[in-house]
Amino acid sequence: MKTSDLINRIPASATITMAQKARDLKGQGIDIISLTLGEPDFDTPQHIKDAAKKAIDDGYTRYTPIPGLVSFREAIVKKFKKDNNIDFTIDQIVVSTGAKQTLANIVLCSVNKGDEVILPAPYWVSYEGIAIMAGAKVVAVKTSIEHDFKISAEELEAKITDKSRLIIFSSPCNPTGSLYSKEELIALSKVIKKHPRLLVISDEIYEHINFTGKKHFSIGSLENIKDQVITVNGMAKGFAMTGWRIGYMGAPLWLAKACGKLQGQFTSGANSIAQKASEFALETDLSPSLKMRDSFKKRRDLFLSLLKNIDGLKLNLPEGAFYFFPDVSSYFGKTFKNYKITCPTDVVEYLLEEAHVATVGGEAFGDDKCLRLSYAASEKELREAAKRIKEALDKLK
């Protein structure tokens, strides 16, 4: 028997694949340090866990409305207004089983076969897979480490055609940690405004992991393109709630209704208990999230100081999230033993075998020079990982 053409078109998630490979090697007794997954290593804050227990005791154990509990969507409306200066009605909010489902809903409800989806590269791996699943053509806009992996208004304009339907980007960005400023987003909005058919998915799930000291700015708050922007967020990163699987969107009403219709045929409403816990998280003090942010900043600074000692790595300073995306192209053409380095994936495989450090190659993110290092790990692990990486890369001649 053969699998469908659809599933054969979709690439496997490189981050999940490498994380599983690291787990398999650990299971064999090999001391692997994994810098693969984008998952906070903190436990969910206690007050959120307590809210989940209360939800069980209060009987929140039945199906919810497909777009989410009314009380949770009301909390999301308030959150968008308070934190992002975006006005939504409750009918414009859809809660899903993780932000990945939110993104898939949006793409499948807005894109037809042959439409173009613009992805500033590097991009999160699933953006490409979801676009391919929808039958779209992916149009990558290459960026560089010298410009902090951000596109300019001119670069965006050059990629827009009459087939352009979506642009998807994240800020703070996975995999680079880059953060678009208010001024940069205003410049992009002026281009987007010229193309009324073009929709924007602004993935803001790393919103609370922002090291600039400036308030997060959402492109959806700009009046000139508010009807073209879908703002996506979720509980995974800023609240250490990856396993709770709650994502949500604020969207134009027509698209929110379409996403609800689609979700009704897939998962229906998201987990009722996780929704109540998430509702409580949005309505209470952000202190635990800010403490996690401060810890990530400390780790960023530590890891940067260690990586700077490795000759051949080209680095920039990420302003958010918890990733470095170093350029490793200086190692291309070098060898050690039976290893010959020609691309980021070769570096990834070499580091896994020689240094026992698991990373992810940039190719999966649309970049052919870099690899992703997650520093959502302990300081002890980061110190040891940097030491192993340096020793391994120094052997390449």
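None of the figures in this text is laboratory data; all of them are computed from the coordinates on show. For clarity, every value in this text was computed on a predicted model and none was experimentally measured. Glycine gets a Cβ as well: all are built from the backbone with ideal geometry, and neighbour counts include every protein chain shown.
Taking the range 298-340 as the region of interest, what is the percent of Cα-Cα pairs per 5 angstrom bin, listed from the shortest bin to the one with the maximum distance?
Calculated P(r), rounded to whole percents: 5, 19, 26, 19, 13, 10, 7, 1.
Relative to the longest principal axis of the C-alpha atoms of the chain, give the angle of the C-alpha long axis of helix 46-57, reported between 0 and 90° and rounded to the nearest 10°.
40 degrees
So for the chain: antiparallel DSSP bridges make up what percent, rounded to the nearest 5?
45 percent
Let me understand the chain better: what is its radius of gyration from the alpha carbons, and its Dmax, in angstrom?
20.9, 64
With n ≥ 4 as the cut-off for DSSP H runs, can you work out [θ] at 222 nm for the chain, using -39500 (n - 2.57) per run divided by the number of residues, rounded to the nearest 500?
Computed ellipticity for the chain at 222 nm equals -12000 deg cm²/dmol.
Can you check what the Kirkwood hydrodynamic radius comes to for the range 48-283, Cα pairs only, in Å to one decimal?
Hydrodynamic radius (Kirkwood, Cα pairs) of the range 48-283 is 17.9 Å.
If the elastic network links every pair of Cα atoms under 10 Å, which of TYR63, TYR350, TYR127 fluctuates the most in the Gaussian network model of the chain?
Between TYR63, TYR350, TYR127, it is TYR63 that shows the largest mean-square fluctuation.
Working from Cα positions, state the angle (0 to 90°, nearest 10) between the long axis of helix 379-394 and the longest principal axis of the chain.
In the chain, helix 379-394 runs at an angle near 50 degrees to the longest axis.
Looking at the range 48-283, send over the antiparallel percent of its DSSP beta bridges, to the nearest 5.
30 percent
Using the per-residue mean of other Cβ atoms lying within 10 Å as a proxy for protection, in what order, highest first, do the peptides 301-310, 33-42 fall?
Descending mean neighbour count gives 33-42, 301-310.
Could you give the alpha-carbon Rg of the range 1-141 over 2.2 N^0.38 Å, rounded to two decimals?
Ratio of Cα Rg to 2.2 N^0.38 Å: 1.36.
P(r) for the range 263-397, please, calculated from all Cα pair distances in 10 Å bins and given in %.
11, 35, 24, 17, 11, 2
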